[in-house]
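Okay, here's the structure, questions in a sec.
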Amino acid sequence: MPANRFNGFTDYGIGLGLRVPHYQHILEKKPTCDWFEIISENFMVDGGRPLHVLDQILEQYRVVQHGVSMYFGSADKPDRAHLKKLKALVKRTKTPWLSDHLCWGSVDGTYTHDLLPMPYTFSAARRTAEKIKQVRDYLEVPICVENVSSYAEFHVSEMTEWEFLAEVVERADCGILLDVNNIYVSAQNHSFDPYAYVNGVPLDRVAQIHVAGHTKFEKYILDTHDHPVLDPVWKLYAHAIRGAGVTATLLEWDDKIPSFDEVHAEALKANEFIAGARAARLPKSNAPARTSRRAVPTVGR
Amino acid sequence: MKAVGLKSPPRRAPKKLATDADLRALQRMMMHALVQPLTADDDLAPTWRDGRPMAEVAAEFIKPNERLTAFERLQIYSRSYWFRLIDCVYDDSPGLRALLGEERFGVLVRAYLAKYPSRSFTLRNLSGRLAQFIREEPRWTQPRTALAHAIARFEWAQTVAFDGEARPVLTPDDLGGTPPTKLRLALQPYISLIATEWPVDDYVLAVKQRDALRSEASNAVDRAPRVAANKKVPLPRRAKIYIVVHRYQHTLYYKRVEAPAFRMLEALAAGKSLAHGVAAAGPRVKAEQVRDWFATWMELGWFARR
């Protein structure tokens, strides 16, 4: 599903998270990169350098917005001031889709700035789906929800995480940003089969995939985004794109960030798996001669 | 210390989530556990607000697994919450950190966040009430509360100047034929006017330069930068100064102005007419001086249409 209604019928290739340590390199050298994902909140400001930098990036590159504070799963209603700022940014970036997490992180207007796990219940799924629809209607852009990594589960849960994800996205009729690293991390922390997770989600709704590195501790794994992607995550990625099709893929690297070239090289490792997935999915005869943007990355935009 | 804005959690965690109210109750329960200050060893607090063991409360709503208890699983989130927020205030406050030292600064920030958890979707606003908190609770910064307050105000003004709103800049044409008694100007929202008893601008700048040297020295071969990098920045000596924290072409600046100019800017920012602003500058100020100030401020784009 390279292009579908959940990613605005785009066919984006391998992208990178836009991070401050790389600004200068990107603006001066204009390196090849198929697209950048921005953290919406970093640019939901009223002026100054962040928006100045963003405008320069937008002149050269395709940008997709990824949020960290919409908290679709919070009991609170969407905050109007937040939505207003977000919509202004959506208009600025012309993002073809917008993603945020399937989680909660605030209640009664107090924010944790964390991605807290949901109780996997039908009532929570209904409430969350309703909120996603409200946000989509206001922003007028396709919405994708991302599965988070988690370290705790609630007694009240009535289903698995992937069943909950499926329940929410079907009810909201929205897309999925499938984070395969988060699946792997949560699978280790909660002792489930990560492949069962991937197989259990409606893959026709996957609009984007995240890959990232994590850190192993004695009793659990933490989603740290400060390492290269580990082999089991790449294998899960390969499995996901065999099912979902070759999908816009983004590497997240948020801490101990190395040079742009190093991060980009890590992201481009996805190409090995994409080639494998294409070969596995296409019939041997009459395979269409499809040229992907991924195979021929454009300079700048 | 009661956290501002938090609503009370239920006495017991809901056993089923049938309604939106149940979801809110569960989320309030977890929120209260997270925002409770960590112990001195950075562990989750051992006791819930009603005196019950936190382990018992955590087990009410969080499942254990074969490796971690419910308490330990909740603790992962609690630590993550506190470390993330402390880091954020730490980055916003190099001057305050240098003044208090790392340990006292850490105690101050934890007390601050315990009283004022984040009420904004963005971490950008997290330090916005720190100066207010320092004034409200001087015990964390004594005997240097007044200086700490001045530094906190100055450091927050930098956040505002960095990405605050810029309105369309007033041009000479906009002034038109409006007489000074009727002309009211607005200062750009990203500008802060700070009158203080200490040269906090010099102090914070010196701290930042030292910290930059420290960062360089970590890779340096010769010894000289290390010596400079480890030097304690001397505390500022009392001296009344007037600072305008602003930005120009997307770069942050602090501009000192004279007292009469500051009074004039304050009057204009308060919505007084230009004539009133000039009068506020004082009788000794010459018209030529006012013209020079005004020309500079216009050039820097400080004024917006009201």
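The values are calculated or read from the model by the stated rules, or taken from the named source; none is laboratory data. Bear in mind the structure is a predicted one, so any value in this text is a computation, not a measurement. Note: ideal-geometry Cβ built from the backbone for every residue, glycine included; neighbour counts use all protein chains shown.
Out of everything in the range A:87-103 that is over 16 Å from the mean Cα position of the chain (by Cα) and of a type outside the set (Val, Ile, Thr), what residue ends up being nearest to A:Val64 (Cα to Cα)?
Per the stated criteria, the residue is A:Lys94.
Pick from the range B:1-11 the residues that are more than 8 Å from chain A (Cβ to nearest Cβ) and not hydrophobic (A, V, I, L, M, F, W, C): which of them is farthest from the chain's Cα centre (by Cα)?
So the residue we want is B:Arg11.
In the set B:Arg52, B:Arg79, B:Arg84, which member is in contact with a Leu (Cβ under 9 Å, 6 or more places away or on another chain), surrounded by fewer than 16 Cβ atoms within 10 Å (Cβ to Cβ) and without any contact (Cβ under 8 Å) to a residue 40 or more places away in the chain?
Going through B:Arg52, B:Arg79, B:Arg84 in turn, just one is in contact with a Leu (Cβ under 9 Å, 6 or more places away or on another chain), surrounded by fewer than 16 Cβ atoms within 10 Å (Cβ to Cβ) and without any contact (Cβ under 8 Å) to a residue 40 or more places away in the chain: B:Arg84.
Quick one: which residue in A:Glu218, A:Glu266, A:Glu262 is surrounded by fewer than 17 Cβ atoms within 10 Å (Cβ to Cβ) and at pLDDT 95 or above?
Exactly one residue qualifies, and that residue is A:Glu262.
Against the definition (in contact with an Asp or Glu (Cβ under 6 Å, 6 or more places away or on another chain), part of a helix (DSSP H, G or I) and closer than 26 Å to B:Leu6 by Cα), how does A:Ala125 come out, yes or no?
yes
So, one more: Can A:Ser191 be described as within 13 Å of chain B (Cβ to nearest Cβ) and crowded, with 24+ Cβ neighbours inside 10 Å?
No: the conditions fail for A:Ser191.
Considering only residues of the range A:128-152 that are assigned to a helix (DSSP H, G or I) and touching a Lys or Arg at 6+ places or on another chain (Cβ under 6 Å), which is nearest to B:Leu123 (Cα to Cα)?
The residue in question is A:Leu139.
Would a scan of the range B:183-197 turn up a residue that is within 15 Å of the chain's Cα centre (by Cα), buried (at least 19 other Cβ atoms within 10 Å of the Cβ) and either charged (D, E, K, R) or assigned to a helix (DSSP H, G or I) (or both)?
Checked the range B:183-197: no residue is within 15 Å of the chain's Cα centre (by Cα), buried (at least 19 other Cβ atoms within 10 Å of the Cβ) and either charged (D, E, K, R) or assigned to a helix (DSSP H, G or I) (or both).
Which condition breaks for B:Ala33 when tested against (1) at pLDDT 95 or above; (2) surrounded by fewer than 21 Cβ atoms within 10 Å (Cβ to Cβ)?
The failed condition is (2).
Pick from B:Leu147, B:Leu183: which is touching a Pro at 6+ places or on another chain (Cβ under 8 Å), in contact (Cβ under 8 Å) with a residue 24 or more places away in the chain and away from chain A (no Cβ under 14 Å)?
Matching residue, one of B:Leu147, B:Leu183: B:Leu147.
Quick one: in the range B:103-151, which of the residues that are surrounded by 16 or more Cβ atoms within 10 Å (Cβ to Cβ) and β-branched (Val, Ile, Thr) is farthest from A:Leu83 (Cα to Cα)?
Ranking the candidates gives B:Thr141 first.
Turning to a different aspect of this structure: Within the set of pairs 6 or more residues apart or between chains, which connect a residue that is more than 8 Å from every other protein chain (Cβ to nearest Cβ) and surrounded by 24 or more Cβ atoms within 10 Å (Cβ to Cβ) inside the range A:103-127 to a residue that is hydrophobic (A, V, I, L, M, F, W, C) and in a helix (DSSP H, G or I) with Cβ atoms less than 7 Å apart?
Every condition considered, the pairs that remain are A:Met118/A:Ala124; A:Met118/A:Phe164; A:Ala125/A:Phe164; A:Ala125/A:Val168.
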